[in-house]
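Okay, handing you the structure first.
The values are calculated or read from the model by the stated rules, or taken from the named source; none is laboratory data. Here the structure is a predicted model, which is why all the values come from computation and not from measurement. All Cβ positions, even for glycine, are placed from backbone atoms using ideal geometry, and neighbour counts span all protein chains on display. Side chains are part of the model used for accessible areas, which takes the heavy atoms of the whole protein and leaves out ligands, DNA and RNA. Shrake-Rupley method; radii C 1.70, N 1.55, O 1.52, S 1.80 Å.
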Amino acid sequence: MKKPFFSNLFSKFPTTYKKHRFIVPMLGVALISGCEGMFEPSIAEICRQDSGFCDDLNPDGWCRAEKAEIIRHRYRHREDETEFDKYQLLMIFEDYKVCIGKAAQIQHIKYREKETGRMKGLLTAQREIKRLSRETRHSQEPHLVYYQWSRYGHEDALKLFLDYAEKDQLTTPDLQIALASIQVKTDLDKTKGSLYRALSLYSDDQVIDDEIFDTLVTIALDQERYHMAYVWSRVASHFSKRVNDEQLAMLANKHQLSADSLDDVADEITNAIEGRDFDAHQLGLDRL
């Protein structure tokens, strides 16, 4: 960033989906709605019932969480798989690939079969990502449309995604964040608007992506709107605890900001976000 004393506090907003893994869609994988989770068999039981869910993954203890996500996803969607389900599975396999890729590089002196098992898992991840990417190449599902653009640079996918944005059809926080990751390259005001929209779309059961606040700080600094950099830093400190109070004080002193007044603004924004009733216009953020 332009401001040296803030340079280690936040990084630029990532501009690819791979770097910025949105939390919302992954909640669909991690959480089980209703009673489904209460009666779902364990991972071991699933593998005993149908080894096809498990046999192509590494058999040892590496990447246990990622492997479990794949197995559960396969089990839950064994009879019917939507386009969004395929997107979720792509995300899980990408996480698994990163984990098992590291594990596959570890040599096991005593048990060479462990290395072979990990390599099998890595090859499975590569194969499945390739298969799912091919199957969803022309999907109309917004998450997959963005995936095809961000991973493979397909211009037709980008055009379709921006068409969805123009028609106000990106109606989830993660899709608005994806839109912001495109806009950040050319228009910071539009980026900010998309992030505000994302904050307004969170429901009670969704975890807010705290990188939104980091990005809003970065935008404020780039636009030399230091009072808003202070405000969003204070909001970020509530959600992520990564903000250094001493650096905030330095920012306030350097630019002669009224810290007490700005703390009140930050508290109002924080309360609105926590109450899931964030509205940038009602909060007067367009006038600050």
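Is it true that I129 is modelled with pLDDT of 95 or more and open to solvent by less than 10 Å² (accessible area, probe 1.4 Å)?
no
Inside the range 94-117, can you point out the residues that are touching a Pro at 6+ places or on another chain (Cβ under 9 Å) and either at pLDDT 95 or above or surrounded by 16 or more Cβ atoms within 10 Å (Cβ to Cβ) (or both)?
Across the range 94-117, the qualifying residues are K114, G117.
Of the residues that make up the range 57-76, is at least one more than 30 Å from T171 (Cβ to Cβ), in a helix (DSSP H, G or I) and open to solvent by 80 Å² or more (accessible area, probe 1.4 Å)?
yes
Something else about it: Would you pick out the residues in the range 238-266 that are within 24 Å of S194 (Cβ to Cβ) and out of contact with any Asp or Glu (no Cβ under 9 Å at 6 or more places or on another chain)?
Residues satisfying the conditions are V243, L262, V265, A266.
Consider D209 carefully, then state whether it is under 24 Å from L160 (Cβ atoms), touching a residue at least 24 places away in the same chain (Cβ under 8 Å), of a type in the set (D, E, K, R) and buried (at least 18 other Cβ atoms within 10 Å of the Cβ).
When the stated conditions are applied, D209 passes them.
Now for a different question. Considering only the range 157-187, state which residues are surrounded by fewer than 18 Cβ atoms within 10 Å (Cβ to Cβ) and out of contact with any Leu (no Cβ under 9 Å at 6 or more places or on another chain).
Hits for the range 157-187 are L158, K159, D163, E166, K167, D168, K185, T186, D187.
Look at L144 and say whether it is open to solvent by 10 Å² or more (accessible area, probe 1.4 Å), out of contact with any Pro (no Cβ under 9 Å at 6 or more places or on another chain), part of a helix (DSSP H, G or I) and not polar (S, T, N, Q).
In short, no.
How many residues are in contact with a Phe, Trp or Tyr (Cβ under 8 Å, 6 or more places away or on another chain), within 14 Å of I46 (Cβ to Cβ) and among the aliphatic types (A, V, I, L, M) when one looks only at the range 58-101?
Number of matching residues: 2.
If a residue counts only when it is of a type in the set (V, I, T), over 19 Å from H281 (Cβ atoms) and modelled with pLDDT of 95 or more, which helices (runs of 4 or more DSSP H) contained entirely in the range 166-228 have at least 1 such residues?
Numbers: elements: 173-183, 188-201, 211-222.
Fully inside the range 166-228 and qualifying: 173-183, 211-222.
Which number in (1) buried (at least 21 other Cβ atoms within 10 Å of the Cβ); (2) touching a helix residue (DSSP H, G or I) at 6+ places or on another chain (Cβ under 6 Å) marks the one condition that T218 misses?
(2)
Take E224 and decide whether it is of a type in the set (D, E), free of Cβ contacts under 8 Å to residues at least 60 places away in the same chain, open to solvent by 60 Å² or more (accessible area, probe 1.4 Å) and closer than 17 Å to L188 by Cα.
Here the answer is yes, as E224 does meet what is asked.
What is the one condition in (1) modelled with pLDDT under 95; (2) out of contact with any Phe, Trp or Tyr (no Cβ under 9 Å at 6 or more places or on another chain); (3) crowded, with 18+ Cβ neighbours inside 10 Å that Y17 does not satisfy?
Going through the list (1) modelled with pLDDT under 95; (2) out of contact with any Phe, Trp or Tyr (no Cβ under 9 Å at 6 or more places or on another chain); (3) crowded, with 18+ Cβ neighbours inside 10 Å, Y17 breaks only (2).
Using the structure shown, decide if H281 is surrounded by fewer than 11 Cβ atoms within 10 Å (Cβ to Cβ) and of a type outside the set (S, T, Y).
In short, yes.
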